Amino acid sequence: MALDRWIAFIILCVASAYAYAAFFTMDQLLPPFMQRNPIWPSTFPKVLSVMAILTSLVILLGFEKPTVEDSAPEIDYRRLGDYHLFQALALLGLMVAYALLLRPAGFLLSTVGFLTIGGIVLGERKLYILIPVALIATGIVWYLVERVLGIFLSPLPFFL
Amino acid sequence: MLEGLLIGLQTALSFQNLIMVIAGCLIGTFIGMLPGLGPMSIIAIMIPVAISMGDPSAALILLAGVYYGAIFGGSTSSILLNAPGVAGTVASSFDGYPMARKGQAGKALTIAAIASFAGGTLGAVLLMIFAPALSSVALLFHSAEYFALMVVGLSAIAAFAGTGQVAKALLMTLVGLIMATVGEGALFNMPRFTMGIMDLQSGFGFITLAMAMFALPEALFLVLKKKEMSGDGGKIENLRITRKEGKAIAPVIGRQSLQGFFIGVLPGAGATIASFLGYAVERNLATKEEQAEFGKGSIKGLAAPETANNAACTGSFVPLLTLGIPGSGTTAILLGALIALNVTPGPRLMIDEPQVFWAVIMSMFIGNLVLLVLNLPLIPYIAKVLSIPRNYLIPFILFFTLMGAYIGQNNATELLILVGFGVCATALKFADYPLAPLLIGFILGRMMEDNFARSMQLYDGMSFIIDRPMTLALLVIAALLVVLPSYRARRAAARARGVSEGD
């Protein structure tokens, strides 16, 4: 099964769960006075879930013939190994780490780390350029966000 | 209208707003030049900055400047490197790159700048004429019509935006609408579909979603596939064009401004279609010997798509400013930014906040002028950005997307949502699902449900669909938009095979 039909299948599952929530779990919670309303919080989701299930079935069962593929896709997902998959995954992991460390480690430390390690993952070896660039950029961004835009970013690790 | 123009001039010519236009154009050109980063990502990255300025006119002026700059920057990289940064400028590389190869890079850039300027300016004039007329019609609309109009807009986007596969685009729109129902709605004080997670109480963040849908997949594509970014950005000289060349492209610019503008007004069409169509039309109109030049460095072939895509960008502001319904991914992001700034685009915009409306139009003129006068001479220097090594560039792009999502909510969970959705969006992009309909559905979802609920309450049921002929007509149009393309594709496929289908 091709990727687009797998995705349609996943969306079908999500839409079914959504439909279950909309049809069977929401209406009992509604206070009695709101039940006299012509529209309930679940009305719109019910319509949407039915339409989404039908549309994803159309794709899953292949009712709509795919158009002739005349143009080569930008990236062929069947041969992901040919591309820099490791770098992409490492960067995604780095972004998750950044999200988790931003509060405890503080903005300055985590950002410098993110920019430096990101550069190293991509193959940069000139650390004597990379680290100063990361330091300066972090400083500038912190100054702009904190002082110019006035949004608080805790700069230092939690214990300082 | 004269009064409005003066209000707009007064707002747009304030020192702060002038700085905004210039900064926006420069930033847009700068980032738009990087291959793989489209205007949607750039605007998504700039939104936190714009929102925290607090002044809606200044924010919209900045973002519009970024939009223009990005389109212009995209054409620069497609001319110099044959690496279009934006889908709307792919057609510019057909003739722009051969010109650059022949050593006429400077001339090609000048033609691109002049064509963009003319297209953008004529588009803004048309916007000035059509927007007030359309918005006085739109004032007659009732919430039932608004609901129907949004359905039309969404189905038009589903019908035109995808790569011919309506079901996929429709499914993406529905997913967007479903995502919009997460969190507390305005009409019912009751959290829905939050699965008990507190962070979802207020719904998904729109900036987070915009970043995850556009900026992150584009950055990941840059990582996955090393594009050659080393060009000879150093030797751009001889920016002049001759009088004869000017005469040759003048009619092309005139025609394509009109055509591009009207294509831009249609929801779902936008700059990409306008530029390809403009290129095709001009090639058919040209004389035999000129036709042979197309694809080998014809100035007409460069001027046509450049004019059309800028005029279409301006045209796409018409439905946004008059109806409050975005027709493209970029204007959808702008709509989200405006709502965050407490301005609701729509027919009342011109009455309630004339300074916003007219300032945007005036800043379009100023922005185009800035692009021509300021950016063009700077291009040889700005092109140096193409020599930034990607080892430095990509971490910074990722960092800015993270920052954008974080600043808006000050919540680190938002970053995890961003990465999660980013991965999903990349998978969707692999499978050729269009992403813009999802975001447009997400942004319109709330408004659509509110209008639907309001008309349901007014008519105590579904009868508003039959009682109001305009609503019914609009809904029928919406249904036709979805059904017709797939029906025609089926017919065409059947005819191509020579046999009719069994069912």
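Bear in mind these aren't lab numbers, they're just calculated from the coordinates by the rules spelled out. If you're wondering where the values come from, they're calculated on a predicted model, not measured in any experiment. Counting neighbours? That spans all protein chains shown, and the Cβs are built from the backbone with ideal geometry, glycine included.
Data table
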{"item": "Rounded to 10°, Cα long-axis angle of helix B:243-265 versus longest principal axis of chain B", "result": "10"}
{"item": "Over 27 Å between alpha carbons, listed pairs B:288/B:384; B:225/B:384; A:126/B:107", "result": "B:288/B:384; A:126/B:107"}
{"item": "Residues with amide H under 5 Å from that of residue B:192, placed H, sequence gap 5 or more", "result": "B:183, B:184, B:185"}
{"item": "Calculated FRET value between residue B:351 and residue B:288, using beta carbons and R₀ = 45 Å, to 0.05", "result": "0.25"}
{"item": "Rounded FRET efficiency, nearest 0.05, which uses the C-beta distance separating residue B:130 from residue A:136 and R0 of 60 Å", "result": "0.80"}
{"item": "Relative contact order (percent, whole number), chain B, Cα cutoff 8 Å, 6+ residue spacing", "result": "28"}
{"item": "Chain A - percent relative contact order, Cα under 8 Å, separation 6 or more", "result": "21"}
{"item": "Estimated FRET transfer efficiency when R0 is 60 angstrom, pair residue A:25-residue A:156 (beta carbons, to 0.05)", "result": "0.85"}
{"item": "Inter-probe distance in nm under a simple model that places probes 7 Å from Cα toward Cβ, at residue B:9 and residue A:127", "result": "6.1"}
{"item": "A:84, B:142 arranged by Cβ crowding within 10 Å, fewest neighbours leading", "result": "B:142, A:84"}
{"item": "Cα→Cβ-extended label distance, 7 Å offset, between residue A:57 and residue B:55, nm", "result": "5.6"}
{"item": "Most mobile listed residue (A:39, A:131, A:117) in chain A, GNM with C-alpha springs under 10 Å", "result": "A:39"}
{"item": "Using alpha-carbon coordinates, inclination of helix B:270-285 to the longest axis of chain B, degrees", "result": "50"}
{"item": "Ranked A:16, B:298, criterion: other C-beta atoms within 10 Å, fewest first", "result": "A:16, B:298"}
{"item": "Nearest 10 degrees, 0 to 90: helix B:39-53 Cα axis against chain B principal axis", "result": "70"}
{"item": "Spin-label model distance (nm) - residue A:96 vs residue A:2, 7 Å beyond Cα toward Cβ", "result": "3.0"}
{"item": "Value of D in µm² per second that Stokes-Einstein yields for the range A:82-148, Kirkwood Rh from Cα pairs, at 25 °C (0.890 mPa s)", "result": "193"}
{"item": "Derived scalar couplings ³J(HN,Hα) [the range A:123-134; Karplus, 6.51 cos²θ - 1.76 cosθ + 1.60; whole Hz; x for Gly, Pro]", "result": "x, 7, 10, 7, 5, 5, 9, 4, 5, x, 4, 4"}
{"item": "Ranked list, fewest to most other Cβ atoms within 10 Å of each Cβ, for B:399, B:147", "result": "B:399, B:147"}
{"item": "Alpha carbon centroid spacing (whole Å) that separates the range B:21-55 from the range A:81-160", "result": "21"}
